[in-house]
Amino acid sequence: MLAVALAAALSGPSPALAARAARPTETVVDVTAFGADPTGSRDSAAAVAKAVRQAKTVRGPVRILFPRGTYQIYPEQAEARELYVSNTVGADQSYRDKRIGILLEDMRDVTVDGGGSHLQFHGLMTTFAAIRSVNVSVKNFSFDYTAPKVIDATVSDTGVTEGRAYRVLTLPQGSGFSVGDRQVTWLGETSPATGQPYWSGVNGMWYTQIHDPAVQRTWRGANPLFHDVAGMTDLGDRKLRIDYNTGTVPGDRGLVYQMRETTRDTPSALFWESQNVTVQGLKARYLHGFGFVGQLSENITITGNEFRTDPASGRTTAGFADFVQMSGVKGRVDITGNVFDGAHDDAINIHGTYMEVAGRPAPNVLNLEYRHNETAGFPQFHPGDAVEIVEKRTMAAVPGITAKVVAVDGPSGRDHDKSLTSMTVTFDQALPDSVRPWDFVVENTTYTPTVQISGNTFRDIPTRGLLVTTRKPVVIENNVFDGMSMASIFISSDAYQWYESGPVTDVLIRRNTFKRPASPVILVEPTNQDVDASRPVHRNIRVDSNTFETGDVRLLDAKSVAGITFTGNTAARLDRKTAFAAQAQNLCPAPGTATEVRATATASPYSTSLFAYRGSSGAVITGNNLDNGLNLRADLHATDPAQVTSDEVAENADKVLPLLPSTTYTSSNTAVAEVDANGKVTAKAPGKAVITPTTPSQLGNIAGVPVELNVGADPSSPLCAKSLQLDTDKWSVVRDAPDHRAVLPGDTLELTPAGRGFLWAGANSAHNVVLTGTGDGNGTATVKMTGRTQRGYMEAGLVLYGGDDDYIALQRKHNNGSPTITLSSERGGWAEEPRRIPDPEEQAVWLRLQRDGGTVTASYSLDGTAFTPLGDPVDASWLGSARFGVLAEVENVSGTDTPFRFNGFTVDAVQVPFTSPW
């Protein structure tokens, strides 16, 4: 203890406080004793470095304590090391030197205890690192960056002034900018040392993702903010106005555009060649550069942390890229009880690295190369490590090899004295002659971990919730994945793009909840080019007792797996309680009279198959509870149907469970109104009664949207007015978008283009194709359409629809500014436009399609009486069963499109009403 005190006296003030015994086995080093400022008034970087150096001299366990407060840490006086880190900047020498706020190097039995403090980082730096250290704990503090290298711009206002559209962007505190020459320059925090910003960027920089705070979802997308700009104005108070040459009001008010460049210059935290590292109780408000990286280390625990922004900051980005990246870790990786919210890439990624064979200088020697530009410069092997050699095309291991590493000549990870992208590895045995350069890759199998990922919450992730590839046991349990924009769980093994290894042999995915997932929810997709079920890449994956709350998505897509079970899971539609509703013939029956109620579907059954297997075997699907309106289909590719065991699904065929297998009804007040099981209502006394429809499902009974009856009310009362609904007895909707269609008085159907695409060749994405079975697609259909196309390739009109790839349509088409009335057709996906005329100026036009045997005649009218044919009849002998209908679509969303209105729809002069009598 005397030596510790003496060292403190020589290296910093207040030696009595610098190091004191907390208990016989631990020495406490107080950073304030070395000049760290808990008031947050001064830079504490140098003092923290001094305190850590003092702690390094302590024999036995040591705790580096930050007494509760706020500490500023700037990069200029922080420790600097030349380092090379997986998945960042590879061998790029521009970024080889990293500034590190808390550097634990060649230490043992050390704890960094924040004591509930907040650490405020500045510039572009790593928060903390453990390098060649053993038994490391980092705990109990929050940290943030003053000016993150990501701009979170909220569209706080939109509109049109003097014919020009505009947006007002609101920026968080710390996001500096300057405006000039119709562009904005984003400015990082000014360095107190140089007087220059730590970073700068222009307009949208290189990368954008979009966050919708109203629905808590984030996705990668195009950036429209800086297109066709007429001018920019700094409004003050962190607001930027952008005016445009267009007069179309932007439809993105409330969205947040998260913009950055893509250089991962430094990890937020690094654990390299270290053992037994625990990170606990941190509030990580922003991770600069990259995430927490474990690299060639052993036993890493990340538990009870928050990876998300401070709600008071106005920011929505909490991570420049991934949150957690484990690259070549052995022992165990335990990630438990964390919140992951607001990354710019995967929340968790656990993998090894495939090194590609580049040469064979001797039978037992390989020249190996890093193949992805973001990973290089550090060693991948140590003497004694075991390896697996894999053929890239098949991802199959070369049989019979039990080679171990004898010697390595390559990069050190901390200097650039040797090649940073290649190494020479000597093994303890000769390798087969079949191992050829550029066709094989090598994985260090010693550095593959057992993984436990449990009790975590994943939100606002634009990519995958987690990616894991390790041959050791993996348990993923009791997590919540909410709104992932790609697969919630991804198992790969990649020898072509990222070179992230390896196969899995024992994966258990259980008791997780997947809310609002993207498709597929669980994806297994190695990069083998030759897919052969007899040579699987992965084995033994069990998906058990999970809950899926989904839209129209695939639950499981598995490529090249031997033994994959899906058992005891529950899959529920997100709209299960609103997918059907009660309707009443009379909302206000008189006492003593009878009326009827019925239940109708307000949504469509899902069409996406729940399962897909590619080159897989030993698939089991049993004991699951699957909701109404799901498609219990398994698509099989290079997979023997005999290898799929299930009494629940159909193979390569649709098996859609009905939305309403049967319906019963209940009354909330039987003294006012009684209802029987068939929907017959007896009005008994004045008052209110709510009639609720119920349908059975594998998940139990589902109560739909009820209808309220007001017995004895004045029929002219607003209570008795029924909302206008589409008559679903006569009409159905392909790819329904209910918020873009409405029924109006006067039996008028209003369709607003949904911005989802078209029916044209392979672009089968048009929504709200409203069809009637009346006439079975034969005879003459006529409709009045009011509205003209407005932009792009907008189209609207009358269709004779046999399917997405087989139809004849008479439409108004905008043709990117050259509007026409066009007769178009598609036969087996081959699209053409045999007839067109310039679009008349009138808002209203009557459209007619007459199917007569094997021909169709198209005509139009401007008064509903005199019809003009668009040329001669066209051949329709190829068109089989079809239905007449209407549609209106455009290629993308605007938010200002004027709707089209259809009325007077007839088939053979008999009206087909849009409005439901219910």
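The table below gives the values:
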{"read-out": "Whole-Å distance, taken between Cα centres, linking segment 287-309 and segment 833-874", "value": "65 Å"}
{"read-out": "Rounded if a/c under 1.5, otherwise prolate or oblate - segment 26-140, Cα gyration tensor axes", "value": "oblate"}
{"read-out": "Separation between Cα centres of segment 890-918 and segment 357-430, rounded to whole Å", "value": "66 Å"}
{"read-out": "Kirkwood-based Rg to Rh ratio, segment 798-871, C-alpha trace", "value": "0.97"}
{"read-out": "Loop-located GluC sites (Glu not before Pro) in segment 774-862, at most 14 other Cβ atoms within 10 Å (DSSP)", "value": "E841, E842"}
{"read-out": "Options [x] 28.2, 86; [y] 32.9, 108; [z] 39.0, 140 - which one matches Rg and Dmax of the Cα atoms in Å as calculated here", "value": "[y]"}
{"read-out": "Normalised contact order of segment 759-918, rounded percent, pairs of Cα under 8 Å and 6 or more residues apart", "value": "32 percent"}
{"read-out": "Segment 244-296 - Kirkwood radius from inverse mean 1/r over Cα pairs (Å)", "value": "15.1 Å"}
{"read-out": "Cut-off of 10 Å, at most 14 other beta carbons, DSSP loop: longest stretch of the chain lacking such trypsin sites (Lys or Arg not before Pro)", "value": "578-918"}
{"read-out": "Chymotrypsin sites (Phe, Trp or Tyr not before Pro) restricted to segment 428-495 and DSSP loop, no more than 15 other C-beta within 10 Å", "value": "W438"}
{"read-out": "Relative contact order (percent, whole number), the chain, Cα cutoff 8 Å, 6+ residue spacing", "value": "6 percent"}
{"read-out": "Three-way shape label, segment 809-918, alpha-carbon gyration tensor, a/c 1.5", "value": "rounded"}
{"read-out": "Rounded Å value of the spacing that divides the Cα centres of segment 615-677 and segment 94-167", "value": "47 Å"}
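Taken together, the values in this text are just the output of simple stated rules run on the coordinates, not laboratory data. Source: prediction; values computed, not measured. Here the Cβ is made from the backbone with ideal geometry for all residues, glycine too, and neighbour counts use every protein chain on show.
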